[in-house]
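Below is one structure; the comments refer to it alone.
Bear in mind that the values in this text are calculations on the coordinates, not laboratory data. Just so you know, these numbers come straight off a predicted model, no measurement behind them. FYI the Cβ positions are ideal-geometry reconstructions off the backbone, even for glycines, and counts take in every protein chain you see.
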Amino acid sequence: MPVPMVMIGCLLLIILPLIGFVVGAYFGDVAIGLWAAAGGFGLAVLVCSISVTALVKSRPS
């Protein structure tokens, strides 16, 4: 079942920056939205790397 983990991690690379930008731009300015989008992208990269690491570890030797 590791394939859905990778798919979720890769989708988060698109979804989290968009959500961060929209929320940041709504509550602040466009500059805050860009910072929030960068934070969302960083969080998504972290989640994606964790799922890829789990996929590599689950592979039989």
**Prompt:** Where does helix 2-27 land angle-wise versus the long Cα axis of the chain, in degrees 0 to 90, nearest 10?
**Reply:** 10
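What order do you get for 45-52, 27-34, 15-22 when each peptide is scored by the mean count of other beta carbon atoms within 10 Å, highest first? Could you put the intermediate results ahead of the total?
On the way: 45-52: 14.9, 27-34: 12.8, 15-22: 17.2.
Packing order, densest peptide first, comes out as 15-22, 45-52, 27-34.
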**Asked** Here are some values of semi-axes √(5λ) of the Cα gyration tensor in Å: [x] 24, 13, 6; [y] 30, 9, 5; [z] 56, 5, 4. Which one was computed from this structure?
**Response** [y]
**Prompt:** In degrees between 0 and 90, to the nearest 10, how far off the longest principal axis of the chain does helix 30-58 point, with axes built from Cα atoms?
**Reply:** 0
